[in-house]
Amino acid sequence: MGSYLPPPFRMVEREIFQQIAQRMRSVYTVVKMADSLRRLATTGAFTLLQEKVERWNSNYMINTCDQNVGSCCELIELNSRLQGQLFNLLNMCAAEGGMYGGADVLKNRLLPWLGQGFLATASSVSTDTSLHIMAEAADKERQIAQLQDQYEQQLDDLERDLNSSRTEAEDLKKE
């Protein structure tokens, strides 16, 4: 007594296994996409991009031409990496919907935009490496900002001490 199934039941069994496998792949894709989105959100890369634009704007008039070009290139590179991450997420989202998932949205919103030449180039850096680089850059920028704030606070303290010492010296001269 084996587990013999007639051919029609074997076909049904195969279809059931294929459906289960498809659902498992879909769940895996959703989990992978959610993880990628979470990592992108936690890196603070968009905040870093905004901070860099604001810093460049405030220093634009005092920067040299080379410094301004360098700042612009840095922003373009960071923006390109972020766009690469977003396109990867878009690809995962669209794959989740099957063959025609999201086709209307892509056709109506993305294709006209891409047709105007705003296509981000693919990066040779992996997704994890790119996110790691952006997270490190964000951390370094925050550390630099903290050090700058500490330095300015120390300068203010020294100026106060100097003014206080000058006032004491003038009072002593008067006496």
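Treating cross-link reach as a plain straight distance, find the lysines whose alpha-carbon is under 21 Å from the alpha-carbon of K173, omitting any fewer than eight places away in the same chain.
Leaving aside lysines fewer than 8 places away in the same chain, none come within reach of K173.
Enumerate the lysines that K140 could reach by cross-link, defined here as Cα to Cα under 25 Å, with residues fewer than 8 away along the same chain left out.
Straight-distance partners of K140: K52.
Among the aspartates and glutamates, select those whose C-alpha is under 17 Å from the C-alpha of K32, and discard any that sit fewer than 8 residues away in the same chain.
E96, D128
Can you tell me which of 82-94, 136-148 comes out highest on packing, and rank the rest after it, using the mean Cβ neighbours within 10 Å? All intermediate terms of the calculation are to be shown ahead of the outcome.
Details: 82-94: 16.5, 136-148: 12.8.
Ranked from most to least packed, the peptides come out as 82-94, 136-148.
Any read-out appearing in this document is the output of simple, stated calculations on the displayed coordinates, not a laboratory observation. What you see is a predicted model, and the numbers here were worked out from it, not measured in a lab. For neighbour counting, all protein chains shown are included, and Cβ atoms are generated from backbone atoms with ideal geometry for every residue, glycine included.
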